[in-house]
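*Asks:* First, the structure itself, so that you have it in front of you.
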Amino acid sequence: MSEHKTKEMLQSEAEKIWSELEGKELKPADRPKIPPQEMPSRDPIQRAHEMGEVALGYTETQARVEAERCMKCGAAPCKKGCPVGVPIPEFISHIQKGDFKGAVDTIKQTNLLPAICGRVCPQEKQCQSQCTVGKMLRSPEKAVAIGRLERFVADWERNNNLITVPKTAPDTGKKVAVVGSGPAGLTVAADTRRAGHSVTVFEAFQKTGGVMVYGIPEFRLPKEIVAKEVENLKKMGVEFKTSFLVGRTETLEQLLDREGYDAAFIGTGAGLPKFLGIDGENLIGVFSANEYLTRANLMKAYDREHADTPLYEAKRVAVFGGGNVAMDGARMALRLGAEKVYCVYRRTRAEMPARAEEVAHAIEEGVDFHFLENPTRFIGDEKGKLTGVELLNYELGEPDASGRRKPVAIPGTEHILEIDAAVVALGNESNPLMAQTTAGLNVTKRGNIIVDENQKTSIPKVWAGGDIVLGAATVILAMGEGRRAAASINEYLAGK
C-alpha cells in the first residue's frame with residue numbers, strides 16, 4: 001500500500017505545479033502533461049472508526065491545476081457521457097479563470113445537486129470515461145477529474161454562503177405531486193417548480209432525501225449537504241410532506257382525483273432487498289444491507305448518546321456482494337465497532353461493479369476481501385444466533401449475458417468462516433405497494449414500472465423514473481430520468 005499523502009502534502013505539490021502554470025499560455029498538447037491531482041482524504045487508520053467524511057475535497061490550488069488539464073474539446077464527448085447533459089467544458093473553463101461561482105451556476109443549468117453528484121456519481125464510467133485527455137494518455141484514471149471539480153465548486157459556493165435560489169416562472173395554477181424525495185423526485189420537483197407549477201413532494205420517511213439519506217453513509221455523503229439541497233427547493237416554493245406513504249396514507253388515485261393534482265411522478269426507488277436464499281438466512285445477526293445501513297444512516301444507531309435505535313453488537317462481520325452498497329456496508333461495520341470485516345464476492349476485483357475509489361478506500365481501512373467465494377449456508381447456535389458461514393470456492397468461466405465471466409463453483413472446496421453478523425448486499429427489487437394500490441399501472445415481472453421514452457406510465461397524468469423503473473441504478477441516472485419526466489410533464493401541463 002502506498003504512503004498516505006496528507007492534504008498539506010498534496011497542496012504543496014499543487015502549489016509547485018501552479019507556480020509554473022500561472023500566467024502561462026498553454027497549448028492543447030501541453031494540458032495532458034499536467035499531473036492529475038489526487039483527492040485528499042483522511043488518514044485510513046483513524047477514519048475507519050469515525051463517521052466523518054473520508055474524502056476532503058480539492059483545495060483551491062488543486063482545483064485550478066486540475067482544471068488546466070481540460071483541453072476544452074469542441075466535440076465535448078464528456079458532456080455526451082453525462083446523463084443530465086452538464087455543460088462540462090464550460091464550467092471547467094470558469095474554474096480556469098478562477099470564477100468558481102460562474103462554474104457552479106453553469107452546472108446548475110442542468111443539475112441542481114452538484115455537491116451530491118460530485119461525491120457519489122460514478123464519473124469514471126460516465127463523463128470521465130469519454131474524456132479526451134484520458135484517451136490520449138491511454139489511462140482512464142488520468143482523465144480530467146470532472147466529478148471532483150464539480151464537488152469543489154459546489155462546496156465553495158456553500159461554504160461561502162453564495163447559494164442562489166433558482167428563478168421560477170409565474171404561477172401556472174397547475175399542481176404536481178412527486179412521490180418520493182430521492183434524486184429522481186427532487187429533480188422533477190425542481191424542474192416543474194421552475195416552470196411555475198405548484199409542487200408537493202410526498203416522502204414515506206420522516207426525513208427527505210431518499211436513498212441519499214437512508215442508504216449512502218455519512219462518511220461518503222454528509223447529510224447536511226442533502227439537507228441544504230432540500231432547503232433550496234423549499235425556498236423555491238416546493239412543499240414537502242413527510243411520513244406520508246402514498247398507497248397507504250392516500251392512494252395515487254386519491255391524490256389525482258380528490259386532491260386535484262394535474263400530474264404525478266413516481267420516484268419511490270427500489271427498496272425491497274434481495275436475499276441469498278440459503279439455509280440459516282433467518283438467524284439472528286443476518287441483515288439485509290437496507291436495514292443495516294438505514295439503522296446507521298437515517299436512524300443514527302451509532303450515536304448511542306442521542307439515538308434510541310438498537311445496534312447489533314458484532315466483532316466479525318461478513319458482507320456479501322461487490323457493489324457500492326456492499327462497500328458501504330463493509331466500511332460501516334468497521335465504524336460500528338467490528339474488529340474484523342470480510343467482503344465476500346464470487347468474482348474477482350476486476351469484475352466488481354463498485355467504484356474503484358470505494359474499493360480502494362475499503363482496502364485502506366482494513367476490509368478483508370474474499371474473492372471467488374460464495375456462501376452456501378449460514379450456521380447458528382442453539383439460541384438461533386449466527387456463528388459462521390460456509391463458503392464455496394469459485395473460478396471464472398465464460399462471460400454471461402452482462403459480459404462478465406460467469407463464476408463456476410468448485411465442488412469439494414467448502415470451508416467455514418466464523419462470523420457473528422452478516423450483511424447481504426445483492427441489490428434491491430421494487431416495492432410492490434404502488435402497483436398493488438394503483439389500478440392500471442403496468443409493471444414488469446420484477447415490479448419495475450413500465451414507461452415510454454418520456455417516462456410516461458400506462459396511466460394518464462402519471463410519470464415515473466429512477467430505481468422504480470431502472471432497478472437499482474445510480475443517483476445521476478435517476479436524475480436523468482427525472483429531467484426527462486419533468487420536461488414531459490411541463491409540456492403536458494402547458495398544452496393542458
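Quick grid of which residues meet (1) modelled with pLDDT of 95 or more; (2) over 30 Å from residue 178 (Cα atoms):
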| residue | (1), (2) |
| --- | --- |
| 242 | yes, no |
| 245 | yes, no |
| 249 | yes, no |
| 263 | yes, no |
| 277 | yes, yes |
| 285 | yes, yes |
| 305 | no, yes |
| 309 | no, no |
| 313 | no, yes |
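*Asks:* Mind telling me which of the residues 109, 46, 123 ends up being free of Cβ contacts under 8 Å to residues at least 40 places away in the same chain, surrounded by fewer than 20 Cβ atoms within 10 Å (Cβ to Cβ) and under 19 Å from residue 154 (Cα atoms)?
*Replies:* Only one candidate passes the filter, namely 109.
*Asks:* For the structure I just gave you, tell me whether residue 102 is open to solvent by 20 Å² or more (accessible area, probe 1.4 Å), out of contact with any strand residue (DSSP E or B) (no Cβ under 8 Å at 6 or more places or on another chain) and not aromatic (Phe, Trp, Tyr).
*Replies:* No; evaluated as a whole, the condition is false for this residue.
*Asks:* So residue 172 ticks every box in (1) of a type outside the set (A, V, I, L, M); (2) closer than 18 Å to residue 234 by Cβ; (3) more than 23 Å from the chain's Cα centre (by Cα) but one. Which box is left unticked?
*Replies:* The single condition residue 172 does not satisfy is (2).
*Asks:* Here's a check for you: in the stretch 449-496, which residue that is touching a residue at least 24 places away in the same chain (Cβ under 8 Å) and among the polar types (S, T, N, Q) is farthest from residue 323 (Cα to Cα)?
*Replies:* 490
*Asks:* Now, a different point. Considering every residue within the stretch 407-423, establish whether at least one is under 30 Å from residue 82 (Cβ atoms), in contact with a strand residue (DSSP E or B) (Cβ under 7 Å, 6 or more places away or on another chain) and either at pLDDT 90 or above or not charged (D, E, K, R) (or both).
*Replies:* Within the stretch 407-423, not a single residue is under 30 Å from residue 82 (Cβ atoms), in contact with a strand residue (DSSP E or B) (Cβ under 7 Å, 6 or more places away or on another chain) and either at pLDDT 90 or above or not charged (D, E, K, R) (or both).
*Asks:* Please identify the pairs in which a residue from the stretch 355-372 that is in contact (Cβ under 8 Å) with a residue 24 or more places away in the chain and among the aliphatic types (A, V, I, L, M) has its Cβ atom under 9 Å from the Cβ atom of a residue that is in a helix (DSSP H, G or I) and open to solvent by 50 Å² or more (accessible area, probe 1.4 Å), counting only partners at least 6 apart or on another chain.
*Replies:* Between residues of the stretch 355-372 that are in contact (Cβ under 8 Å) with a residue 24 or more places away in the chain and among the aliphatic types (A, V, I, L, M) and residues that are in a helix (DSSP H, G or I) and open to solvent by 50 Å² or more (accessible area, probe 1.4 Å), the close pairs are 356/124; 356/141; 359/349.
*Asks:* Evaluate the following for residue 84: is it buried (at least 19 other Cβ atoms within 10 Å of the Cβ), in a loop (DSSP other than H, G, I, E, B) and among the β-branched types (Val, Ile, Thr)?
*Replies:* Here the answer is yes, as residue 84 does meet what is asked.
*Asks:* If residue 54 satisfies all but one of (1) surrounded by fewer than 19 Cβ atoms within 10 Å (Cβ to Cβ); (2) in contact with a strand residue (DSSP E or B) (Cβ under 7 Å, 6 or more places away or on another chain), what's the number of the condition it fails?
*Replies:* Evaluating residue 54 over (1) surrounded by fewer than 19 Cβ atoms within 10 Å (Cβ to Cβ); (2) in contact with a strand residue (DSSP E or B) (Cβ under 7 Å, 6 or more places away or on another chain) leaves (1) as the failure.
*Asks:* Output the residues belonging to the stretch 389-432 that are in contact (Cβ under 8 Å) with a residue 24 or more places away in the chain, hydrophobic (A, V, I, L, M, F, W, C) and in a loop (DSSP other than H, G, I, E, B).
*Replies:* 419, 425, 426
The values are calculated or read from the model by the stated rules, or taken from the named source; none is laboratory data. Since this is a predicted model, take the numbers as computed values, not measurements. With ideal geometry, Cβ positions are generated from the backbone for all residues, glycine too; neighbour counts draw on all protein chains shown. With ligands, DNA and RNA removed, areas are computed over all heavy atoms of the protein, side chains included. Shrake-Rupley method; radii C 1.70, N 1.55, O 1.52, S 1.80 Å.
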